[in-house]
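Participant: Sharing a structure with you now.
The values are calculated or read from the model by the stated rules, or taken from the named source; none is laboratory data. Nothing here was measured: the structure is a model prediction, and the numbers come from that model. Cβ coordinates were reconstructed from backbone atoms using ideal geometry, including for glycine residues, and neighbour counts include every protein chain displayed. Side chains are part of the model used for accessible areas, which takes the heavy atoms of the whole protein and leaves out ligands, DNA and RNA. Shrake-Rupley method; radii C 1.70, N 1.55, O 1.52, S 1.80 Å.
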Amino acid sequence: MPFTSVEDDSIYYETDGTGPTVAFVNDIGYGAWLWGWQYASLCGPFETVVFDPRGTGRSDTQSASDSVETCAAAVEAVLSDHGARRVHLVGAGFGGMVALAYASEYNRARSLTLMGTALNGDRVAGSILEQMGEMRPESLEPCFSDAFLEEREIIEGILDWRRDEDASANAREAQASAMRAFECEKPYEITIPALVLHGSDDPLIPMQAGNELADSLPSGRFETLTGRHLAFIEASKHANDMILGFLESIESTNE
């Protein structure tokens, strides 16, 4: 399996499928398990790239600090190592902020799909962010509806994946600091197509922040998903239909 390096850190990534490239950028602290509900739908018509951010899963980190910009540099290292020329970026929460920073700095991004993301870290509820970092069932309460939390087999599976694949405590805290400090200063310069999806009852980042994000992007479009912060998992069929339609519409205009 391929690794690439950023400074003294090694970054693990995987690719699958053929076609235009879609790269997934993880939400705060979460491993690549996060994309299990989107991966199968997109892998086939698209080539998919998933990776473990620094200090997460099989990726190493030598640094106790981080920034959105260094996370964007890690995305660039992965895509450069893989040889992807243009990519559709799909980012959730913190990963959406990284995707915004990436699109501002690098030229590979063809489109953005941003889920549960804001223009600024001051829209993030700090107490909820702390709760989500805990390794116990209550950590998922901000992420899913009460009905979904009753699906014990699924929830136990997610908790197992988290224990196996999520970021170390130090790496997650570094990401949390970067998330709180983030500010997208010139969203009007990000002119590529952007689909903004947001849970209707997201307690970490309010839905209004997602709406503001879409309005600030010249080619932004806002859509609501029923659910909380990880609504794209709980409402995966609806989310996947919208993401596929969005990406296919872009590809059809470039044929």
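Participant: So what is the accessible area of the chain per residue, in Å², with the probe set to 1.4 Å? Each step should come with its number before you reach the end.
Facilitator: Working: 10600 Å² over 255 residues.
With all protein chains present, the chain gives 42 Å² per residue.
Participant: Still on this structure: Quick one, what does Rg over Rh come out to for region 124-224 if you take C-alpha atoms and the Kirkwood Rh? Don't skip to the answer; put the middle values down first.
Facilitator: Working: Rg = 15.9 Å, Rh = 15.5 Å.
Reported Rg/Rh (Cα atoms, Kirkwood Rh): 1.02.
Participant: Please report the Cα spread of region 82-174 along all three principal axes, rounded to whole Å, starting with the longest.
Facilitator: Extents along the principal axes: 42, 30, 28 Å.
Participant: What distance in nm lies between label points placed 7 Å from Cα along the C-beta direction at residue 136 and residue 164?
Facilitator: Using points 7 Å along Cα→Cβ, the separation is 2.4 nm.
Participant: Next question. So, by mean Cβ neighbours within 10 angstrom, what's the order for 150-163, 198-211 with the highest one leading?
Facilitator: On the way: 150-163: 13.3, 198-211: 20.7.
In decreasing order of mean packing, 150-163, 198-211 become 198-211, 150-163.
Participant: Follow-up. For region 180-225, how big is Rg over Rh, using alpha carbon atoms and the Kirkwood form of Rh?
Facilitator: 0.98
Participant: How far apart, in nm, are two points set 7 Å out from the Cα along the Cα-to-Cβ line at residue 191 and at residue 154?
Facilitator: 4.1
Participant: Right, here's the next one. Counting each DSSP H run of 4 or more residues in the chain as -39500 (n - 2.57), what helix-only mean residue ellipticity at 222 nm follows after dividing by all residues, to the nearest 500 deg cm²/dmol? Write out the running numbers ahead of the final one.
Facilitator: Working: 10 runs with 104 residues, N = 255.
Using -39500 (n - 2.57) per qualifying helix, the result is -12000 deg cm²/dmol.
Participant: Something else now. How large is the Kirkwood hydrodynamic radius of the chain, in angstrom, based on all distinct alpha carbon pairs? Kindly include the intermediate steps, with their values, before the conclusion.
Facilitator: Values: mean 1/r = 0.0561 Å⁻¹.
This gives a value of 17.8 Å.
Participant: Could you please state how large a percent of the accessible area of region 104-255 is carbon and sulfur, counting protein chains only and using a 1.4 Å probe? Can you show the working numbers first?
Facilitator: Details: 3120 of 7170 Å².
Whole-percent figure for carbon plus sulfur exposure: 43.
Participant: While we're on this one: Calculate, in nm to one decimal, what residue 180 and residue 67 gain on full extension: separation in residues at 0.36 nm each, minus their alpha carbon distance. Let's see the in-between values first.
Facilitator: Numbers: separation 113, 0.36 × 113 = 40.68 nm, distance 1.00 nm.
So the extension gain works out to 39.7 nm.
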